[in-house]
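The values are calculated or read from the model by the stated rules, or taken from the named source; none is laboratory data. Computed from a predicted model, the values in this text were never measured in an experiment. Because the Cβ atoms are built from the backbone with ideal geometry, glycine has one as well, and the counts that use them run over all protein chains shown. For the accessible areas, the whole protein counts, side chains as well, though only heavy atoms, and no ligand, DNA or RNA atoms are used. Shrake-Rupley method; radii C 1.70, N 1.55, O 1.52, S 1.80 Å.
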Amino acid sequence: MTNLSYSEGRTVATRVYRRSDRHLPFMPYGLIPLLGLLVVFWIGMGPFARQIIEQRAIQSAESTLAANGADWASAHVSGQWVWLEGKPPSRMEGEQLIALVRAAQTPTWLGSATPVTRVYAQFGSGVVMPSAIRKPEWTYRLSDGVLRLEGIVPDEVTRSSLVAAAESKINPPRLASIADVLDVTHVDDNPEYTEVALHAIDAVSRCDRGVAVFLNEEFSLKCELPESRAAALQQHIASPLSVGRLGNIDILPNEAVATCETSLADLLGTAHIQFAPSSAQIDARSSSLLQSVADAAKACPGTLRIEGHTDSMGTANANELLGDARAEAVRDALIARGVPADRLRAEGFGARRPIDDNSTAEGRAHNRRIEIRVVRASD
C-alpha cells in the first residue's frame, strides 16, 4: 500500500509491507512424520537385511559342502564373503570346492540368485584367493593301456569332445581304454583352452607311457616311446599353443632310457661312492667315479633321480635323514661336474629298500649305496 502526503511542498512516498496471516497448506507439514518413519525404516532395515543376506550365504555354502561330501571343510560368512577352512584331500579338490561355493545358487522371491560374491580359503598353511574366473587345468596320464583324463572343464559339451577325441586314439594294447574323471565346474570357457587340451590328448596318446599336465597355464609333457616315433612327437610339441606356455618337455626314447640306466648301474655296481662313516661327506677317492657318472648322466634323456640308501644300523629316522643328505651331496657333486641342476632330483630311502642281508657286514656294505635312475612317466 502506498500513501502520499504533502508537507512544505515536498512529496514523500512511503511503502508499507503487510504480512499475510494465511499459512502454508497442511500437506507439506504432514509429510515430515512420514519422512521420519522412512528414515527409521531404513536404519532398521540395514542390519536386518545384512542378517538375511548372511543367512542365505552360509546356507548356500554349507549346503554345497554337504552335497559334495566335503566334511573336511567348514565355512564362515561375513556379508556375502565366505571363508573356507580345512585340509583338503588334494589341491585340486580344494580348488574345486572354492569354485562350487562361489557358483552355488539359492531360491529367492525374485528367482534363483548367487548369494556369495567372494570366497577365500585357508587350507593348511596357505591362503588361496581365486580370481573371479578360474582357468581350466588337467592331467592326462597314459599307463598300462589306460588313458586317464582328470581335470576341470567348463561344460558337458567340452567334456564330451575331449572324451571323444581320446576314444578316437584307442590303439590296443598300447592304448586300450579311456577313464573319464573330468569334472564340470565354473571355469573359463574360452575355446582356446579346449584346443590346448585336444593338443595334449594327441601328444600323450602317442606315448607308450606318458603324462600331460596343464597347470597355471603351463603345458608340460613326459613321454616314453620308441626312438622311431620320438622325432614326430617332438615336431608335434613344437607347434605353438593357442593359449598358455610350454613348460618342461621330457621325451624319453625307450632305447635311450635302457642304455642310460644300464651304464649308470654298471658304474655304480662295480664301485661305490664312498662317504665318511655316518656322514654325507663324500670321500675324495670317489672323485674319478663321480666324473664318470656325470659324463654318463649328461648322455641320459629326461630327469634323473639320485637315490640314497643305507643299511639298517641306527634308527629309521636317522637312516632316512642320512639317505637324503647323501643323495643331495651326490647331486651337488654332479652339478659341479656339469650336469644341469634342473635334470637332477635327490631322494633318500634310508633302509627301506635293501638289496642284501643286513645281518652281515658284507650285506650291509651292499645296502649302503647310491643309485641313479631315469624319472619315468609313471613316477
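Could you tell me whether Ala327 is at pLDDT 95 or above, surrounded by 13 or more Cβ atoms within 10 Å (Cβ to Cβ), closer than 22 Å to Pro301 by Cα and touching a helix residue (DSSP H, G or I) at 6+ places or on another chain (Cβ under 7 Å)? Talk me through it step by step, then tell me what you get.
Details: at pLDDT 95 or above: yes; surrounded by 13 or more Cβ atoms within 10 Å (Cβ to Cβ): yes; closer than 22 Å to Pro301 by Cα: yes; touching a helix residue (DSSP H, G or I) at 6+ places or on another chain (Cβ under 7 Å): no.
So Ala327 fails the test.
Can we say Asp189 is part of a loop (DSSP other than H, G, I, E, B), under 23 Å from the mean Cα position of the chain (by Cα) and not hydrophobic (A, V, I, L, M, F, W, C)? Considered against the rule, which asks whether it is part of a loop (DSSP other than H, G, I, E, B), under 23 Å from the mean Cα position of the chain (by Cα) and not hydrophobic (A, V, I, L, M, F, W, C), Asp189 comes out as yes. Under the condition of being in contact with a Lys or Arg (Cβ under 9 Å, 6 or more places away or on another chain) and either in a helix (DSSP H, G or I) or not aliphatic (A, V, I, L, M) (or both), the residues counted in segment 192-211 number 10.
What number of residues within segment 289-324 satisfy the criterion of being over 16 Å from Val339 (Cβ atoms) and open to solvent by 60 Å² or more (accessible area, probe 1.4 Å)? Total meeting the criteria: 7. Just one of (1) touching a residue at least 24 places away in the same chain (Cβ under 8 Å); (2) surrounded by fewer than 19 Cβ atoms within 10 Å (Cβ to Cβ) fails for Ile273. It is (2).
Residue-wise test of (1) surrounded by fewer than 17 Cβ atoms within 10 Å (Cβ to Cβ); (2) touching an Asp or Glu at 6+ places or on another chain (Cβ under 7 Å); (3) modelled with pLDDT of 95 or more.
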position	(1), (2), (3)
Ala197	no, no, yes
Ile201	no, no, yes
Ser205	no, no, yes
Gly210	no, yes, yes
Phe214	no, yes, yes
Ile237	no, no, no
Pro240	yes, no, no
Gly247	yes, yes, no
Leu268	no, yes, no
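Go through the residues of segment 236-255 one by one and say whether even a single one is assigned to a helix (DSSP H, G or I), acidic (Asp, Glu) and in contact (Cβ under 8 Å) with a residue 40 or more places away in the chain.
First, pick out the residues of segment 236-255 that are assigned to a helix (DSSP H, G or I): 236-238, 254-255.
Those left that are additionally acidic (Asp, Glu): 255.
In the following step, the residues that additionally are in contact (Cβ under 8 Å) with a residue 40 or more places away in the chain were identified as none.
No, there is no match, as no residue in segment 236-255 is assigned to a helix (DSSP H, G or I), acidic (Asp, Glu) and in contact (Cβ under 8 Å) with a residue 40 or more places away in the chain.
Taken as a whole, the condition of being surrounded by 20 or more Cβ atoms within 10 Å (Cβ to Cβ), out of contact with any Cys (no Cβ under 6 Å at 6 or more places or on another chain) and at positive phi does not apply to Gly145.
One residue stands out in segment 178-195 among those that are more than 26 Å from Asp144 (Cβ to Cβ) and among the charged types (D, E, K, R): the one that is least open to solvent (accessible area, probe 1.4 Å), namely Asp188. Residues that are open to solvent by 50 Å² or more (accessible area, probe 1.4 Å) and among the polar types (S, T, N, Q) occur at least once in segment 170-177.
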